[in-house]
1. Go through (1) 25.6; (2) 24.2; (3) 22.9 and flag the label whose value is the computed mean projected area of the Cα convex hull in nm² for this structure.
2. Kindly sort R512, R391, R222, R396 by accessible area of their heavy atoms, largest first, with the probe set to 1.4 Å.
3. Calculate the FRET efficiency for S261 and E336 from the Cβ-Cβ distance with a Förster distance of 41 Å, rounded to the nearest 0.05.
4. What is the gain in length, in nm to one decimal, between D397 and R476 on full extension, counting 0.36 nm per residue of separation less the C-alpha to C-alpha distance?
5. How high is the FRET efficiency between K373 and K285 when r is their beta carbon distance and R₀ equals 56 Å, given to the nearest 0.05?
6. If you take every residue apart from M302 with its C-beta less than 15 Å away from the C-beta of M302, what net charge results, scoring Lys and Arg +1 and Asp and Glu -1?
7. Could you tell me whether segment 284-415 comes out rounded, prolate or oblate from its Cα gyration tensor? Rule is a ≥ b ≥ c as square roots of the eigenvalues, rounded for a/c under 1.5, then prolate if a/b exceeds b/c, otherwise oblate.
8. Determine the calculated [θ] at 222 nm for the chain from helices alone, applying -39500 (n - 2.57) to every DSSP H run no shorter than 4 residues and normalising by the residue count; nearest 500 deg cm²/dmol.
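The values are calculated or read from the model by the stated rules, or taken from the named source; none is laboratory data. Since this is a predicted model, take the numbers as computed values, not measurements. Cβ placement follows ideal geometry from the backbone for every residue including glycine, while neighbour counts extend to all protein chains displayed. Keep in mind that these areas ignore ligands, DNA and RNA; they rest on the heavy atoms of the full protein, side chains included. Shrake-Rupley method; radii C 1.70, N 1.55, O 1.52, S 1.80 Å.
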Amino acid sequence: MDNGDYDFIIIGSGAGGGTLAYHLAPSGKKILLLERGPFVPREKENWNSLEVNARGRYNTKELWRNADGTELHPHTNYYVGGNTKFYGAALFRLRERDFGEIKHYGGTSPAWPISYDELEPYYTEAERIYHVHGAVGEDPTEPHRSGPFPYPAISHEPRIQQLSDDFALHGLKPFHTPLGVMLDEKNPQKSPCIRCNTCDGFPCLVNAKADAHICCVVPALRHDNVTLLTDTKVTRLETDGSGREVTAVHVERNGAKESYSAKFVIVSGGAINSAALLLRSANDKHPNGLANGSDVVGRHYMGHVNSVLMALSKCPNPTVFQKTLSVNDFYFSSPEWEFPMGHISFVGKLDGDTLKAGAPKVAPKWTLDLMGKHSLDFWLTSEDLPDPTNRVTVNRDGEIVLQYKPNNEEGHKRLIKKLESLMQQQTKCSVHGHECHEGLFARNLYLGQRIPLAGVAHQNGTIRFGNDPKTSALDRNCKAHELDNLYVVDAGFFCSSGAVNPGLTIIANALRVGDHLLERMHARHPESEAMAVA
């Protein structure tokens, strides 16, 4: 194996790393993409709810620790494409105001060192690469855009359309969730996506979900200058004597220890693992961890305040692909309250097998099956705030320790109450009248999951970027302040979490950092030239 003379080594092949590899590939520069996991096996179990949800077939078996030393089973996946293989493909832009300082009931969400306008062209490019469907002008908090969505919004099935109409009757502005799936509703015979009920949380057996593997890694590998190594876990980054340059990337691969080197090293293992890697790479020049003179690496961990809520009704909900509707009327302040509450949308349709994973052992199976057939399954997200004591550390045994205390919860509680009152005002059901809505049930999504609520899917904030090296680890281009050739492109760079899924922002930022890296290499990206001319 050729272990030297790469231009770029990218660690992690998910939303950040996979996208960056795709963006750099046409430059002809020599790129090594390292992924600690394998490809997701293509097998019927991809779409088996019992296997995926109740048995956690694709979950990592890796153990982390809580602050008190007890075992933590992270709900995360190590595969080519990273967690995008399993995400629900809701691809939102952060709102313009999310880039500035926002006052919350529980504190202040800090400003970013870049503006929405700087990221806007990259959001546009990200939506094209990831096949995002949506409709401009529906979302009341939508930031300005330089162009339309690349694909039309995905239609609501009848029960969701009815709910959307009801919300609109109550003065809300429900909108179509921007989704990255390869669905062609006008030509179903030619459509890769079959609009099934095993999308959110499942790998796509027909490769029709717009994930980093399909949209970015596969096309990047068509270039001879790109090499992918799977089952290759990076253990440590080594620097030269000055501490200013990463000179070796140490890995474990197929039981053997190897090392590789490149002009630039880009870390994108997810906010938790990337912080852990920098901490494990401490040396004489970086005693607190690589790039950690500011002591912020691993700190300010955020993952959103998330709830899954099932609204049960006497009438069944026959919806197959449920994740098409969102409400952002309470994203910022609203007539009800002067502070942000958050975002309301849906998860994929829950069924008895999925519910079993988060249900008491005594619950009889048929009630869970029945609940699954009669529920609308909401996903509520509110912003959590960066707190230096919410942090990732590494213990003496090298294990990841995650310490997290939820904050800014008042807005989330109000958002739940708001949804409850909206559901009670639903249009009279033709069969059951106003008695159709039976109530809202909270569900802890993952069995044995000790992280509050929904685990680490939205992990961010652990290697924040900023203009001041005293208070941030990375500069505005996501380069480590203290090193000349080290970058981070997963959600670790976030200063605040916003209240929409981080996926599209990670992707757009990877494209932005990619342009910066090509400039440093005096290489231009063919598409960037076209963008500059346009």
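1. Recomputing mean projected area of the Cα convex hull in nm² here gives the entry labelled (2).
2. The ranking, largest first, comes out as R396, R222, R391, R512.
3. That gives a FRET efficiency of 0.15.
4. 25.1 nm
5. Step by step, r from the Cβ atoms, then E = 0.40.
6. With Lys, Arg at +1 and Asp, Glu at -1, the neighbours total -2.
7. Note, shape of segment 284-415 comes out oblate.
8. Values: 9 runs with 100 residues, N = 534.
Result for the chain: -5500 deg cm²/dmol, rounded to the nearest 500.
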